[in-house]
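Heads up: the structure comes next, in structure tokens.
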């Protein structure tokens, strides 16, 4: 079975745009290795917003720990 997040990852890595998706790379907050996930980045006026489908996803926790 193909892990569905692999498909957008692969296409975005090749430079093929998929709507508002971009690749976000953060360090694992507990394990340390870099993690790459496709996320939606939306633009409103002159600001860019990272959009999470739910409030507490792993990439949100990792990004907060990196900040």
Rg(Cα) of the chain divided by 2.2 N^0.38 Å?
1.16
Quick one: 46, 31, 52, fewest Cβ neighbours within 10 Å first, how do they rank?
46, 31, 52
Do the sum for the chain: with -39,500 (n - 2.57) for every DSSP H run of n ≥ 4, divided by all residues, what is the mean residue ellipticity at 222 nm, to the nearest 500 deg cm²/dmol?
-7000 deg cm²/dmol
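Since every read-out is calculated from the coordinates, none of them should be taken as a lab result. Note that the coordinates shown come from a computational prediction; the quantities given were computed from them, not determined experimentally. Note: ideal-geometry Cβ built from the backbone for every residue, glycine included; neighbour counts use all protein chains shown.
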